[in-house]
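Participant: Supplied in structure tokens, the structure appears directly below.
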Amino acid sequence: MRKALVPIDGSAPARRAVRHIVELALLHPSIEAVLLHVQTGVGALEEQPGDNSVLRDGGEALAAADLHCTSVLATGPAAETITRVAREYGCDAIVMGTRGLSAFSSVWLGSVSSGVLHLSDLPVTLIR
């Protein structure tokens, strides 16, 4: 893995995905990360990347581990946006947290991680 997209939303599973990238960097020091925070709600376009604490916190964790990181704020449907940004930034993997929905729940509710698994042709690592 050369470059991994790490979607983050401030949740505990997303923070664990960032820690996973830090651990991978111990084995592969040249790894790069693209942190992505997807805004889907009303007013999302008004938020500025510099004001996004989720991206700032994730970036600080990676910087503390001396990892090269690019932070991206994007808007749109989460799963589609994650797969699009991974392609646009030349990522060769996606590492993301999952909320741990049961198979039954994810069928009825859908989940971002299920959507990414379905849409992406990249390897996807799900962190619980």
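Participant: Along the Cα→Cβ direction, 7 angstrom out, place labels at Leu117 and Asp57. What is the inter-label distance in nm?
Facilitator: Computed distance between label sites Leu117 and Asp57 equals 2.6 nm.
Participant: Quote to one decimal, in nm, the extra length available between Ser11 and Arg84 on full extension: 0.36 nm per residue of separation minus the C-alpha distance between them. Mind showing how you got there, number by number?
Facilitator: Numbers: separation 73, 0.36 × 73 = 26.28 nm, distance 2.17 nm.
Going from the current span to full extension adds 24.1 nm.
Participant: Quote to one decimal, in nm, the extra length available between Asp66 and Glu23 on full extension: 0.36 nm per residue of separation minus the C-alpha distance between them. Write down the numbers at each step before the final one.
Facilitator: Details: separation 43, 0.36 × 43 = 15.48 nm, distance 1.18 nm.
Length gained between Asp66 and Glu23: 14.3 nm.
Participant: Rounded to the nearest 0.05, what FRET efficiency is calculated for Leu126 and Ser30 with R0 set to 41 Å and r the Cβ-Cβ distance?
Facilitator: On the way: r = 24 Å, r/R0 = 0.58.
Between Leu126 and Ser30 the formula returns 0.95.
Each reported figure results from applying straightforward, stated rules to the coordinates on display, with no laboratory input. Remember, predicted model here, so these are calculated numbers, not experimental data. Methodologically, a virtual Cβ is constructed for each residue, glycine included, from the backbone with ideal geometry; neighbour enumeration extends over all protein chains shown.
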